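Peer 1: I am attaching a structure below and will ask some questions about it afterwards.
The values are calculated or read from the model by the stated rules, or taken from the named source; none is laboratory data. In this text the structure is predicted, and so the values were computed from the model without any measurement. Note: ideal-geometry Cβ built from the backbone for every residue, glycine included; neighbour counts use all protein chains shown.
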Amino acid sequence: MPGRAISGARGGRVKWASNIALPPSTRRLRFRRFRATDLDALYRLDSDPRVMRYIGDGSVPSRARVMSVLARAAAYYTHYPGLGVWPAEEQAEGRFIGWFCLKYVPQTVEVEVGYRLLPEAWGQGYATEGASALVSYGFDVLGLYRIIGITHPDNAASQRVLTKAGLRDHGWGRYYDRRVRVFAEQAPSAVMVTRRPEEIPAANKG
């Protein structure tokens, strides 16, 4: 498909090439696109109460709900080349450990970095390694002017990860009508551009 012009890029609207496929691998992690065969792995991740503790109301989704999330993730790659949610695998053994993302915050032109990892991958520096790689990818490859991170107020571990990835604490905000902690960083040569409501990409308004 042809490249799509996407808001939120440095200096205004930049037409990203459709061949921007995946974030680059890190020393220990590689990223790829979600596929239908990932349902079991994604459900194992999202059905763990420890993983979901600080997400939304903390409830565990049904398998059908996870299936719909997987379908939306696949469609997102087409709508926004360069952005998305990518499964993360260990370079050494190819083991699925969770996912990382760069995606629009709904109904805004803000791009959020995020992640969700299996408990057995916690405490090994994977979150910082992956989030740092995506922040660099967003600024250096995609030309984003700003990247934000959103955490539950009590999720101190994720707040440390975002800080280590280069984002700064910007205080309190609202996300799906919940009070959250907001972190953000702007590209070194960024020019802030105020967007009118009609300039928000159509697929991001719902």
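Peer 1: Can you tell me which residues in segment 49-71 are more than 17 Å from PRO87 (Cα to Cα) and either touching a strand residue (DSSP E or B) at 6+ places or on another chain (Cβ under 8 Å) or assigned to a loop (DSSP other than H, G, I, E, B) (or both)?
Peer 2: If the condition is that a residue be more than 17 Å from PRO87 (Cα to Cα) and either touching a strand residue (DSSP E or B) at 6+ places or on another chain (Cβ under 8 Å) or assigned to a loop (DSSP other than H, G, I, E, B) (or both), then ARG53, TYR54, ILE55, GLY56, ASP57, GLY58, SER59, VAL60, PRO61, SER62 are the ones that fit.
Peer 1: Separate question: So, in segment 140-162, exactly how many residues are out of contact with any strand residue (DSSP E or B) (no Cβ under 7 Å at 6 or more places or on another chain) and either in a helix (DSSP H, G or I) or at pLDDT 95 or above (or both)?
Peer 2: Final tally of qualifying residues: 7.
Peer 1: Further question: Among (1) over 22 Å from GLY149 (Cβ atoms); (2) in contact with a Pro (Cβ under 6 Å, 6 or more places away or on another chain); (3) of a type outside the set (S, T, N, Q), where does ASP46 come up short?
Peer 2: Result: ASP46 fails condition (1) only.
Peer 1: Do we have any residue at all in segment 130-149 that's without any contact (Cβ under 8 Å) to a residue 40 or more places away in the chain and among the hydrophobic types (A, V, I, L, M, F, W, C)?
Peer 2: yes
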